[in-house]
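Read the structure below first, then the notes.
The values are calculated or read from the model by the stated rules, or taken from the named source; none is laboratory data. Values in this document were obtained by computation on a predicted structure and should not be read as measured data. Here the Cβ positions follow ideal geometry from the backbone for every residue, glycine too, while neighbour counts run over all protein chains shown. Accessible surface areas use protein heavy atoms only, side chains included; no ligands, DNA or RNA. Shrake-Rupley method; radii C 1.70, N 1.55, O 1.52, S 1.80 Å.
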Amino acid sequence: MKLFSIDTTLYRGKRVHDDYIHAYRFEVLTGLRPGELLGLRWADIKGSTVNISRAINVKGQETRGKNENACRSFVLPDVAKAVLEAQRAVTGHCESVFCLETERRYYKRWKVFCTANEMEPVSLYELRHTFVSMVADAVSPAQLRRMVGHSR
């Protein structure tokens, strides 16, 4: 999969490292909503456990999430821990894990990454849906709902 083998994008016609590569990967590996990714802080991560308690909506406002099930905790798989540790080397000095400015900018950068690497551009929610598809057969429906913050 190109997302896990390529970490560059194009900037003004030159191939450069994509500053958001770990965010794209983490979203696929955890099923976080884009707003939850924007709201994720280093303080929300204790060892291998991630506690989701906030999201940043498209208006830039901090919320408790999309619904009453959005606040949740989950344990990171090893590959997601590795992605997070790579990100810590970049933004470990900041409060925010991914230092994403806005969902709009994040999506724009994702589309550029896709185009630069000859990938079909999909929505950020499709990254979440990819996660759901990957784990759906490995966990019970109730576990999956808890993992992604759904009620049904």
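Some values worked out for this structure:
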{"read-out": "Cα long-axis angle, helix 21-30 against the chain (0 to 90 degrees, to the nearest 10)", "value": "30"}
{"read-out": "Of 46/111; 2/66; 59/108; 2/111; 14/81, pairs whose Cα-Cα distance is over 21 Å", "value": "46/111; 2/66; 14/81"}
{"read-out": "Residue among 51, 61, 29 farthest towards the positive dipole end of segment 1-124, charges placed on Cβ", "value": "61"}
{"read-out": "Within segment 7-152: Cβ-based charge dipole about Cα centre, in debye rounded to nearest 20 (Lys, Arg +1; Asp, Glu -1)", "value": "360"}
{"read-out": "Percent accessible area from carbon and sulfur atoms, the chain, protein chains only, probe 1.4 Å", "value": "53"}
{"read-out": "Low-density loop cleavage sites - GluC sites (Glu not before Pro) in segment 1-109, where at most 16 other Cβ are within 10 Å (DSSP)", "value": "68, 95, 101"}
{"read-out": "Probe 1.4 Å, accessible area per residue of segment 50-152, Å²", "value": "62"}
{"read-out": "Segment 1-94, Cα convex hull volume normalised per residue, Å³", "value": "122"}
{"read-out": "Distance in nm between pseudo-label sites at residue 17 and residue 93 (7 Å out along the Cβ direction from Cα)", "value": "1.4"}
{"read-out": "Gyration tensor (alpha-carbon) shape descriptor, segment 37-137, a/c threshold 1.5", "value": "rounded"}
{"read-out": "Computed magnitude of the charge dipole of segment 1-69 (debye, nearest 20; Cβ of K, R +1, Cβ of D, E -1)", "value": "160"}
